[in-house]
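Following: one structure in structure tokens, then a few remarks.
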Amino acid sequence: MSRILIIEDEEKISRFVELELSHEGYETGKAADGRSGLDEALRGDYDLVILDIMLPELSGIEVLRRLRKESDVPVILLTARDSVTDKVTGLDMGANDYITKPFAIEELLARIRVILRTAERDPKNASAGDGKEDANPAVLSTPAGIELNTDSHAVTYRGQPVELTNREFILLRILMENRGVAMSRERLLSEAWGYDYYGETNIIDVYVRYIRQKTADEVIKTIRGVGYMID
Ligand code: CA
């Protein structure tokens, strides 16, 4: 039976989630602030942590940062609707997923099932994104001067090394694997994360901007009315 920790200071939400999780057959633990949540996550032997971002004592982002120094336990962040920065920061810091408040419990349960399935299939890649990065070792390249090694994860632009975060790398790789195809934001999200993100597609724009800042604007083309493409 999987054990899930809920770190959330809003008692109503945390009690509701706890009830639903118990009903689904999960064992649960609860913490109402960042500090005790971090302690519990580190010593509690959990299979998954649901972590609110706005917490007293330590913020969710800070809990995640400290947790990731010692643990690969899968983490789902609870975020406010308009905090794209929190989502991007959280994912870059090793959160496996996020869900925006207010959320439908069925959606949270679905995401929990996806993550626990992935973790079961490949424990060491539980926090590595889509878990299929090493499927086809090869060097991909584009006329614009990007080279990407899917085996070593090294990326260069015109011969110069480019430091990408894990999520930026996954997005760039998907675009390069689909060269010449105009990719919609929805499809990019679904391929990068493995399932749909219900209208949260602006996160793709944020990642594309980061990749362009680290390389050049012309590396990824904007296709008006569709999304993005690499030639
Ligand atoms: Ca909160």
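The values are calculated or read from the model by the stated rules, or taken from the named source; none is laboratory data. What you see is a predicted model, and the numbers here were worked out from it, not measured in a lab. In this analysis, Cβ positions are derived from the backbone assuming ideal geometry, glycine residues included, and neighbour counts consider all displayed protein chains.
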Report summary line: Note on the range 152-190: residues in contact (Cβ under 8 Å) with a residue 60 or more places away in the chain and part of a helix (DSSP H, G or I) are Asn166, Arg167
Query raised in the report: Residue check: is Asp9 touching a residue at least 12 places away in the same chain (Cβ under 8 Å), more than 16 Å from the ligand (Cβ to nearest atom), closer than 16 Å to Leu77 by Cα and acidic (Asp, Glu)?
Result: no
Query raised in the report: Does Asp47 fit the bill of being among the charged types (D, E, K, R) and either more than 16 Å from the ligand (Cβ to nearest atom) or more than 18 Å from Asn96 (Cβ to Cβ) (or both)?
Result: yes
Query raised in the report: Arg209: surrounded by fewer than 14 Cβ atoms within 10 Å (Cβ to Cβ), modelled with pLDDT of 90 or more and not aliphatic (A, V, I, L, M), yes or no?
Result: yes
Query raised in the report: Which of the residues spanning the range 68-81 are out of contact with any strand residue (DSSP E or B) (no Cβ under 7 Å at 6 or more places or on another chain) and not acidic (Asp, Glu)?
Result: Arg68, Lys69, Ser71, Ala80
Report task. Determine, yes or no, whether Glu57 is surrounded by fewer than 22 Cβ atoms within 10 Å (Cβ to Cβ) and within 16 Å of the ligand (Cβ to nearest atom). Result -> yes
Query raised in the report: Would you say Glu62 is without any contact (Cβ under 8 Å) to a residue 24 or more places away in the chain and within 16 Å of the ligand (Cβ to nearest atom)?
Result: no
